[in-house]
Amino acid sequence: MRTTLDDLRAALRLGPLAGGELRRALGGISAATLSRMVASAGAEIVRRGGSRRIRYGLRRPLRGQAETLPLYRIDAQGAGHVVGRLDLVYPEGSALELGAPFAWPLDPDSEMRDGWFDGLPYPLLDMRPQGFLGRNFALLNAQPLGVPEKLDRWSDDDFVHVLASVGHDLSGDLILGGRAYDTHLVARREWEPNLIRSADVPAVYPDLAGRALAHGIAGSLAAGDFPKFTAQREIDGEPVSVIVKFSGADDSPAVRRWSDLLVCEHLALATLTAELGIESARSTIRQYAGRTFLEVVRFDRVGARGRLPLCSNGALLGMSGASWPAAAEALHRNGWLPADDVTRIRRLWWFGRLIANSDMHDGNLSFRPGLCLAPAYDILPMAYAPVRGGELPGYRFDPPQPRPEDADDWRAAAQAAIVFWQRCAADDRVGAAFRETCAANADMMRQWS
């Protein structure tokens, strides 16, 4: 019986196949016959890999359009470069054709070395809208883009559709799709009128907070997710991109605690750098109109238009689920992460645990290509955050103890944690009640160390 193009399509709908596998699936046809069929199918067939590793996939349309999506990189000077092209393939997953060296590690024992990914290429995963800003993004774009208003209902194809349509200013240095890049070009022309001058910050930040909450999710503070906005502002006469977290504006116990935690995050970042030599995001506390603002300088942005690559632990090579030290050790064993960074990550992890940071998830540890540890961020005593409904938790600080092999890193982190708790206890921007808690935690840490 004659093998047809429909047979070829049917075989590849189950997933990409190597040439030999595909020929067998089609009844043992010859290599020459397969070559002719693939040529006849044209753009329907996606090919990746070297001559001995070539695999074939069936292009999967996105919203009815079977198009290749260009992948762009914005460099530190703000110039754009085409670095690859992305195709979706059946039954799910994607194929990335690189036009430049890949900046991130690729598992040599998996098909990703040739551009095949079970889902999206992992450096794109951090570009997906998430958290408070992501929920705002979804609310604003759901109707015009035809996606659900709730992020947890988005499929991978929804994410790709949104990224390729309007995803021009997300984490890292990549932009997917020509339409998103065109939006980026428009935004480049508009950055200067939107630059916040230093003298205007006290008036503009409260206004931006109100606008962020107007599009936000009711109860987001109680759910443990700080509301925030992004902005470009002038610092020391230079344009800088910032992420700004903020508290509520009343003096309720819950709002007071969120304000305390923002101050504590600022002090934790400073302590990591001063006491453990771990580079941390640059931050400033500002208090206007009854709110506390934590302004954090973005380390994936440079000046007015430049960008830097970034990839979280959760996205990197599917490392999600492992503890930070375990993930670091695995990266080191594969020759990707230097030993010094493994030590830094172990101490960062212990420091977080010793300051009651209960939110050390995979997205709160990131890397730069090379591979090297990115600056620390989102480090604060979240165990003390108000619970849903606004009540303060009855949390009792009980610093974890190390195994013998962890003793050196624990001791270094413990000394830094003592300094942190002492700084919080002495800072008048922290409420009196929480300062007492911080002082008691410093005393407890001194007893254990």
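Quick one: if you take sqrt(5λ) for each eigenvalue of the C-alpha gyration tensor of segment 101-243, what semi-axes come out, biggest first, whole angstrom? Walk me through the numbers on the way to the answer.
Values: eigenvalues 177, 85, 45 Å².
Square roots of five times the eigenvalues give 30, 21, 15 Å.
Would you mind estimating how fast segment 195-448 diffuses translationally, via Stokes-Einstein at 10 °C and 1.306 mPa s with the Kirkwood radius over Cα pairs, in µm²/s? Display every interim value, and only then the final one.
Numbers: Rh = 19.1 Å.
D = 83 µm²/s.
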Handout entry: Nearest-0.05 FRET efficiency for Ala66 and Gln287, computed from C-beta distance (R0 56 Å)
Key = 0.55
Problem - Under 13 Å, Cβ to Cβ, from Thr230 - net charge with Lys/Arg +1 and Asp/Glu -1 - result: +3
Handout entry: Residue among Gly64, Gly15, Gly352 with the largest mean-square fluctuation in a Gaussian network model of the chain, springs linking Cα atoms under 10 Å
Key = Gly64
Exercise for the section: With just the Cα atoms of segment 281-323, tell me how far they stretch along each of the three principal axes, in Å, largest first. Expected result: 43, 29, 13
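What net charge do the residues around Met382 carry, taking every other residue with its C-beta under 10 Å from that of Met382, with Lys and Arg at +1 and Asp and Glu at -1?
On the way: positive: none; negative: Glu265, Asp359, Asp378.
Within the 10 Å Cβ shell, the charges total -3.
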Fill in the blank from the handout: Scattering profile of segment 79-132 from the Debye formula, Cα beads only, expressed as log10 I(q)/I(0) at q = 0.13, 0.19, 0.28 Å⁻¹, is -0.36, -0.72, -1.25
Exercise for the section: May I ask you to list, by number, the DSSP H helices of the chain whose Cα span along the axis is at least 18 Å and whose average Kyte-Doolittle hydropathy reaches 0.5 or more? Expected result: 201-214, 253-276
Practice task
Rank Ala270, Ala76, Ala199 by mean-square fluctuation in a GNM of the chain with C-alpha springs under 10 angstrom and give only the top-ranked residue.
Solution key: Ala199
Completion exercise
Kirkwood Rh for the chain from C-alpha pairs, in Å, is 24.2
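State the antiparallel share, in %, of DSSP beta bridges confined to segment 195-448, rounding to the nearest 5. Walk me through the intermediate numbers first.
Details: 25 of 27 bridges.
Percent antiparallel among DSSP bridges in segment 195-448 is about 95.
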Exercise for the section: Mind computing the radius of gyration and Dmax over the alpha-carbon atoms of segment 310-449? Å is fine for both. Expected result: 16.2, 48
Problem - Theoretical ellipticity at 222 nm over the chain - DSSP helices of four or more residues, -39500 (n - 2.57) apiece, nearest 500 - result: -12000 deg cm²/dmol
Completion exercise
Computed on Cα atoms, the radius of gyration and Dmax of segment 5-58 in angstrom are 9.8, 26
Exercise for the section: Taking each pair of different alpha-carbon atoms in segment 87-175 once, compute 1/r for the pair, average those values, and report the inverse of that mean as the Kirkwood hydrodynamic radius in Å to one decimal. Expected result: 14.1
Fill in the blank from the handout: Here the alpha-carbon Rg of segment 371-449 over 2.2 N^0.38 Å rounds to 1.25
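For segment 195-448, calculate the relative contact order in percent as a whole number, restricting contacts to Cα pairs under 8 Å that are 6 or more residues apart. Can you show the working numbers first?
Values: 424 pairs, mean separation 49.6, N = 254.
The value is 20 percent.
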Exercise for the section: Enumerate the residues in segment 130-165 having an amide nitrogen under 18 Å from the point lying 7 Å beyond the Cα of Val82 toward its Cβ. Expected result: 164-165
Handout entry: Value of relative contact order over the chain, rounded to a whole percent, pairs C-alpha under 8 Å and six or more apart
Key = 12
Practice task
For the chain, just give the cysteines left without a disulfide-compatible partner, judged by no other Cys Cβ under 4.7 Å.
Solution key: Cys264, Cys311, Cys372
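We did not get these values from a lab; they are worked out from the coordinates using the rules stated. Values in this document were obtained by computation on a predicted structure and should not be read as measured data. Cβ atoms come from the backbone with ideal geometry, glycine included; neighbour counts cover every protein chain shown.
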